[in-house]
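Right, one structure below, let's go through it.
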Amino acid sequence: MAETEHNNIIVTKDLIRTFKTMGGEVHACNRISIEVPEKQMTILRGRSGSGKTTLINMLGTLDRPTSGLISFDGQDITKMSDSQRDKLRRTKIGFVFQSVALMSNMTALENVEFGLRIAGYPVKNRLQRAKDCLAMVGLAKRMTHMPQEMSGGEQQRVAIARTLAMDPEIVL
C-alpha cells in the first residue's frame with residue numbers, strides 16, 4: 001500500500017533567532033529546519049527556555065527571524081512586508097494563546113464574533129458562525145457569560161472557538 005502523500009503547510013530552513021541582551025547574545029532558535037504537513041497535528045516539545053514560543057511566534061509572523069527561511073503554503077513569509085504578514089495572520093493563521101486574551105467587557109459570543117469582524121468575515125454569517133463554534137467547544141449554554149463569569153478552562157475554550165471560527169489553514 002502506498003504511503004499517503006502530504007503537502008507541507010510550513011517549512012523552515014536554517015532558522016535562527018538571536019536576541020541581544022546586556023550579557024551578550026541569546027540564541028533562542030539556532031538553525032531550525034522543520035516541515036509541518038498540512039491537515040496533521042504537529043507538536044513542539046522541549047524544556048522551558050528551549051525556544052518553542054520564539055519559534056511559534058516566527059511561524060505565526062508575530063516575530064521575524066534573524067536569518068533563515070520560513071515558507072507558509074509555498075510563500076516565503078520572511079520576505080513579506082508588515083502589511084502582507086498582517087493579512088496572512090488575519091486570514092490564514094489562528095492563534096490560541098496561553099493567556100486567553102479575551103475582551104473582559106464582551107460576552108463569550110461577542111468575543112468570538114469580534115474575532116470574525118477583525119478577520120473580515122461576512123457580516124450576515126458572523127453571529128451564526130460564532131454560535132456554531134461556541135457550541136462546537138461545548139459552550140452553547142455559556143454564550144452570554146462574561147469571561148470573569150467563566151472558569152479558566154471555559155475561557156480557553158472561548159479562545160479556541162474564536163480561533164476556529166476563522167477557519168484558518170493552521171492553528172498555533
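The values are calculated or read from the model by the stated rules, or taken from the named source; none is laboratory data. Model, not experiment: these values are computed from the prediction. All Cβ positions, even for glycine, are placed from backbone atoms using ideal geometry, and neighbour counts span all protein chains on display. The accessibility values were calculated without ligands, DNA or RNA, using every heavy atom of the protein model including side chains. Shrake-Rupley method; radii C 1.70, N 1.55, O 1.52, S 1.80 Å.
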Among Met150, Met80, Met22, which one shows the biggest mean-square fluctuation in a GNM of the chain, springs joining Cα atoms closer than 10 Å?
-> Met22
Peptides 48-61, 91-104, 108-121, 153-166: what's the order by average Cβ count within 10 Å, highest mean first?
-> 153-166, 108-121, 48-61, 91-104
Taking a probe of 1.4 Å, how large is the accessible area per residue of region 10-95, in Å²?
-> 63 Å²
What is the Cα centroid distance between region 114-158 and region 11-73, reported in whole angstrom?
-> 30 Å
The summed charge of the Thr53 Cβ neighbourhood (under 12 Å; Lys/Arg +1, Asp/Glu -1) stands at +1
Of all DSSP beta bridges located in the chain, what percent are antiparallel, nearest 5?
-> 90 percent
When the helices in the chain are scored as -39500 (n - 2.57) per DSSP H run of 4 or longer and the sum is shared across all residues, what 222 nm value do you end up with, to the nearest 500 deg cm²/dmol?
-> -10500 deg cm²/dmol
Equivalent-ellipsoid semi-axes of region 102-172, from the Cα gyration tensor, Å, largest first | 18, 13, 11
Can you run phi through the Karplus equation (6.51, -1.76, 1.60; θ = phi - 60°) for region 26-39 and list ³J(HN,Hα) in whole Hz, with x for Gly and Pro?
-> 10, 9, 6, 9, 10, 6, 7, 10, 9, 10, 10, x, 6, 6
First compute the accessible area of region 18-172 with a 1.4 Å probe, then give the percent of it belonging to carbon and sulfur atoms.
-> 53 percent
Considering region 9-106, what Rg and Dmax in Å follow from its alpha-carbon atoms?
-> 14.4, 43
Options [x] 1.08; [y] 1.11; [z] 1.02 for Rg/Rh (Cα atoms, Kirkwood Rh); the value derived from the coordinates is listed as [z]
Long-range amide H contacts for His145: which residues qualify at under 5 Å (H placed 1.01 Å from N, peptide plane, sequence gap of 5 or more or a different chain)?
-> Ala108, Leu109
Residues whose placed amide H lies under 5 Å from that of Ile170, excluding near-sequence neighbours = Gly94
Point-charge dipole on Cβ atoms (K/R +1, D/E -1) for the chain, about Cα centre, debye to 20 = 360 debye
